[in-house]
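Values in this text are rule-based calculations from the coordinates and carry no lab data. Fair warning: this is a prediction, and the values are worked out from it, not measured in the lab. Positions of Cβ are backbone-derived with ideal geometry, glycine not excepted, and every protein chain shown enters the neighbour counts.
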Amino acid sequence: MSDTIESVLQEKRLFNPPAEFSEHARIKSMEEYQQLYDKAAQDPQAFWAELATNELHWFQKWDKVLDWQPPFAKWFINGKINISYNCLDRHLTTWRKNKAALIWEGEPGDSRTLTYAQLHREVCQMANVIKDLGVKKGDRVGIYMPMIPEAAIAMLACARIGAPHSVVFGGFSSEALKARLQDAEAKLVITADGGFRKDKIVPLKNAVDEALADNSVPSVANVLVVQRTKQDINMQADRDHWWHELQPDASADCAAEPMDSEDLLFILYTSGTTGKPKGVVHTTGGYNLYTHITTKWTFDLKETDVYWCTADVGWITGHSYIVYGPLSNGATSVMYEGAPRASNPGCFWDVVEKYDVTIFYTAPTAIRAFIKMGDEHPNNRDLSSLRILGTVGEPINPKAWIWYRQVIGGDRCPIVDTWWQTETGGFMLTPLPGAIPTKPGSATFPFPGIIADVVDLEGNSVGENQGGYLVVKHPWPSMMRTVYKDDDRFRRTYWEHIPPKDGNYLYFAGDGARKDEDGYFWVMGRVDDVMNVSGHRLGTMEVESALVSHPAVAEAAVVSRPDEVKGEEVYAFVILEGTHTASDELKAELKQHVGKEIGAIARPGEIRFTDALPKTRSGKIIRRFLRNLASGEELVGDISTMEDLSVLDKLRQG
Ligand code: WTA
């Protein structure tokens, strides 16, 4: 399914939005998009202020729209707002009160629907419970949950009382959880006894116990546990509390705290180029506005839509486009606990059929997995309710795009390929489905208000169809504010690779891209040491540190190689400590070790033992050669800077 670079470069097909789709769309034509784009570009502050006024509830209006002290932005200064209020309370005074807010489908086949009134009630109850557990405005709360409604309830409860949450993906190991809880200095952890994942039970509470063992996260005073799998777990008397025991007595009355627009809403850790994941900081007002409006326009949201994003709430996609964006709009958001698996390859299509899903948003890695599972699964279901398809997480290859359009979308649904990041909070490049003709593999154009470009290392725009670095030139409401407790790292990581140009600071995203002759953006993937495995970000250094923490490993170099389904796969070169010898058992042990240190998503697909690594004379590992070796390609590039040429020969001979 992987297309060659040439086929991507030569991709010329253009798909116009169907006329009757455009006719009923919020943004109906390229002209209308262009007008919005121009209006936003001419006066961004007026553009965002108008939307903030019309789309959101504010307890108190801001007195200044933007304060930009590069690279630090503040939006809607002195405005008072609460995102939990915007996602819940304001809908209760309308007919939406009894509309489904969350439709949840569990992996074993159980299900639950929560109306806005019911969701509001449970959020208020949980907010009161966590207040009783000593959580105050400003205290951080770790959330380590399976995909059950209580994950969203926990996030909204934290937001309601002004306690920033830090959601840790349930697939991360106890070690990874510990590091994140420590960095955030979380006061409370909300978790579940376990979660169902691909016919297995993930022992979440055990992982929390391990993370907190020996008082290794001293800030954590309490753990709130939701019962999901009912397996036996250990409950520590002075620390652990069952949600189902506290909920019945908790008041359903909890006013949303008026938050400053710039108050911290959440921290979400993501991989970067150095070993330690960084805490991406998002604040309240700008994030609420941007996720709201991108959901509304990109998915052409209508009151009757049944919207389903298949991400996990542990990632930014789940934050912005399962919970906050859809609920702020009063939409019906579907949440699914399961994942397509050998035992149930048609499970996604069952969900679409069961709930008449109209908008479906998933990742290219999932699409490629569906292709492998066979067309009979979607073909056996009625998918005629669908009207828009979306994709996110990595560049989508044209073949997968076309399959998605034909087999899932019945050739009638526009595809929105949304390029964005944890750091950007919301969509940056994306088609608006009724307006922008799409090309398979292109995220098309910037969302109105986003000034994006492809530049060289000096910040000069590159020519048509020339590769360069993807940058954003003007601050936007949901941009990350900083790296938690590390302003310096924020500056270095995003703002110093490319110098300011004509007085504009350039946000460097870490992706390579090109713009074609029609101005369409084509994102080519990461240009730094960040890998993209099944749409999940992993730093090469992160995996290397995990490997060298094993006593048998002296040195490790990690690269990725292309994989048909996962997009990329982790490939590790390992030099062993003196007395250890290479064996298949040790390989397996090291893979497991990485799983334990980070999580299963980081487990190397392949480990190769070696005596030496290709290095420059100054001692830098030449990863380019390792990537060539891992994917079985010819070596490309200059070898004259190499310290010891024989290393390459040995590696080539395997
Ligand atoms: C990649 C996920 C191409 C990109 C929302 C980015 C994409 C990283 C796309 C962010 C897309 C995401 N086309 N590449 N439509 N969407 N990416 O922080 O490399 O988990 O920098 O956010 O995913 O990953 P993150």
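How large is ³J(HN,Hα), in whole Hz, for each residue of the range 61-71 in order, when computed from phi with the Karplus curve 6.51 cos²θ - 1.76 cosθ + 1.60 and θ = phi - 60°, using x for Gly and Pro?
Taking θ as phi minus 60°, the curve returns 6, 6, 10, 8, 6, 9, 10, 10, 10, x, x Hz for the range 61-71.
What is the chain's relative contact order, in percent, from Cα pairs under 8 angstrom and six or more apart in sequence? Mind showing how you got there, number by number?
Details: 1412 pairs, mean separation 90.6, N = 654.
Reported relative contact order: 14 percent.
Using helices alone, what [θ] at 222 nm do you get for the chain, with -39,500 (n - 2.57) per DSSP H run of 4 or more residues, divided over all residues and rounded to the nearest 500?
Helix-only estimate at 222 nm: -8000 deg cm²/dmol.
Tell me, which cysteines of the chain are without a disulfide-compatible partner by the Cβ under 4.7 Å rule?
So far as the 4.7 Å Cβ criterion goes, 87, 158, 309, 347, 413 stand without a partner in the chain.
If the chain between residue 60 and residue 251 were fully stretched, how many nm would it gain, using 0.36 nm times the residue separation less the Cα-Cα distance?
Gain on extension, residue 60 to residue 251, equals 66.1 nm.
Exactly which trypsin sites (Lys or Arg not before Pro) in the range 124-161 are in a DSSP loop and have at most 14 other Cβ atoms within 10 Å?
Within the range 124-161, the qualifying trypsin sites (Lys or Arg not before Pro) (loop, at most 14 other Cβ atoms within 10 Å) are 136, 137.
Would you kindly derive the ³J(HN,Hα) couplings of the range 558-569 from the backbone phi angles with the Karplus curve 6.51 cos²θ - 1.76 cosθ + 1.60 (θ = phi - 60°), listing them in order in whole Hz, with x for Gly and Pro?
10, 9, 10, 10, x, 9, 4, 9, 7, x, 9, 10
By per-residue mean of other Cβ atoms within 10 Å, what is the highest-first order of 384-392, 440-448?
440-448, 384-392
Is the shape of the range 362-413 rounded, prolate or oblate, going by the alpha carbon gyration tensor and its root eigenvalues a ≥ b ≥ c, with a/c under 1.5 for rounded and a/b larger than b/c for prolate?
Judged from the Cα gyration tensor, the range 362-413 comes out oblate (a/c at least 1.5, b/c at or above a/b).
Out of residues 5 or more away from residue 606 or on other chains, whose amide H comes under 5 Å of its own, with H placed 1.01 Å from N in the peptide plane?
Excluding prolines and chain starts, which carry no amide H, the hits are 572.
Rank-order 523-536, 630-643 by packing density, defined as the average count of other C-beta atoms within 10 Å over each peptide's residues, highest first.
Per-residue mean Cβ counts within 10 Å order the peptides as 523-536, 630-643.
Taking the Cα centre of the chain as origin, work out the dipole magnitude from +1 charges on Lys and Arg Cβ and -1 charges on Asp and Glu Cβ, in debye rounded to 20.
Dipole about the Cα centre, nearest 20: 620 debye.
Taking +1 at the Cβ of each Lys and Arg and -1 at the Cβ of each Asp and Glu, which of 301, 284, 339 sits farthest along the dipole of the range 283-401 towards its positive end, judged by Cα position relative to the Cα centre?
Selected residue: 284.
What is the packing order of peptides 287-293, 576-582, 551-557, taking the mean over residues of other C-beta atoms within 10 Å and listing the highest first?
Details: 287-293: 28.4, 576-582: 11.3, 551-557: 17.7.
Ranked by mean Cβ neighbours within 10 Å, highest first: 287-293, 551-557, 576-582.
For the chain, what does the equivalent ellipsoid look like in terms of its semi-axes, each the square root of 5 times an eigenvalue of the Cα gyration tensor, given largest first in whole Å? If you can, show how the numbers build up before the last one.
Values: eigenvalues 257, 198, 131 Å².
Gyration-tensor ellipsoid for the chain: 36, 31, 26 Å.
Which of the lysines could a cross-linker span from residue 501 if the Cα-Cα distance has to be under 17 Å and same-chain partners fewer than 8 positions apart are dropped?
473
Using the Cα centre of the range 401-547 as the reference point, and only Cβ charges (+1 on K/R, -1 on D/E), how large is the resulting charge dipole? Debye, rounded to the nearest 20.
On the way: 14 positive and 20 negative charges, 90 e Å.
Value, rounded to 20: 440 debye.
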